[in-house]
Amino acid sequence: WSLRSTERGKGHFNHYRSLILQRKLNSALTSGVLRTLGRYTTERVLVWGLEDTVSNAGVMVVANLSGVPRTMANVPWLSSGTWYDVFDESILTVPTVPVPSITIPEYTARVFSNRNNAELGIPTPVERQTEGTPSTFALHQNYPNPFNPTTTIAYSVPQTTSISLKVYT
């Protein structure tokens, strides 16, 4: 926990947060079928796909277990289309299957979903503001009001702390 406020700690937190939210909200991971698509023993690279045929949700994992970056050619993939990196939402366009080429850093797994965070209901991270730190607690009126299906609720607190905001309807 002592690393939580460091850049390394924040990176670890965001990494595992992304994986946990995908695991909870992506049907490819909750009720999909795991398919081993490729095993490259010499390169030490594994390729898996998880797909839920009911919702057509898919997740692809390309893992490089070696100590050097790998560029793989003709990588098997679940389907063509737009795929989103689950960690930063960068887009991988897959025009044809297999994927012509993909690079994986050493000791890394790249994880892609064919559903973006908004489609899965994953909340957008809140960026910390350093300017204008409030001196007192304030809870502002939500807007728009009335609302359907979303609203914005602004608040401010005088120090960095964990908070809980509960909305009852």
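The values are calculated or read from the model by the stated rules, or taken from the named source; none is laboratory data. Computed from a predicted model, the values in this text were never measured in an experiment. Backbone-built Cβ (ideal geometry, glycine too); neighbour counts: all protein chains shown. The accessibility values were calculated without ligands, DNA or RNA, using every heavy atom of the protein model including side chains. Shrake-Rupley method; radii C 1.70, N 1.55, O 1.52, S 1.80 Å.
Structure notes:
- Each stretch of four or more DSSP H residues adds -39500 (n - 2.57); spread over every residue of the chain, this sum gives -4500 deg cm²/dmol at 222 nm.
- Relative to the longest principal axis of the Cα atoms of the chain, the long axis of helix 7-25 makes an angle of roughly 80 degrees.
- Ranked by solvent-accessible area (1.4 Å probe, protein heavy atoms only, all chains present), the residues Phe137, Phe87 order from largest to smallest as Phe137, Phe87.
- For the chain, a crude dipole built from +1 on the beta carbon of Lys and Arg and -1 on the beta carbon of Asp and Glu, taken about the Cα centre, is about 420 debye to the nearest 20.
- Heavy-atom accessible area for Thr30, with the other protein chains in place and a 1.4 Å probe, reaches approximately 80 Å².
- Alpha-carbon centroids, segment 1-64 and segment 69-92: separation in whole Å: 12 Å
- Kirkwood-Stokes translational diffusion coefficient of segment 47-90, alpha-carbon pairs, 37 °C, 0.692 mPa s, µm²/s: 268 µm²/s
- Relative contact order [Cα under 8 Å, 6+ residues apart], the chain, whole percent: 16 percent
- Each of (1) 41; (2) 45; (3) 34 is a candidate for percent of Cα pairs over 26 Å apart; the one calculated from this structure is (2).
- Within the listed set Ala118, Ala138, Ala73, the residue fluctuating most in the Gaussian network model of the chain (springs between alpha-carbon atoms under 10 angstrom) is Ala138.
- Each Lys or Arg adds one and each Asp or Glu takes one away; over the other residues whose Cβ falls under 14 Å from the Cβ of Gly38, this sums to +4.
- Amide H within-cut-off set for Val99, under 5 Å, with H built and near neighbours excluded: Val75, Trp77
- The amide H of Arg115, built 1.01 Å from its N in the peptide plane, has Gly58, Tyr84 as neighbours under 5 Å, considering only residues 5 or more places off or on other chains.
- Note, ³J(HN,Hα) from phi for segment 142-149, Karplus 6.51, -1.76, 1.60, rounded to Hz, x at Gly and Pro: 6, 8, x, 9, x, 9, 6, x
- Cα convex hull of segment 36-110, projected area averaged across orientations, nm²: 4.8 nm²
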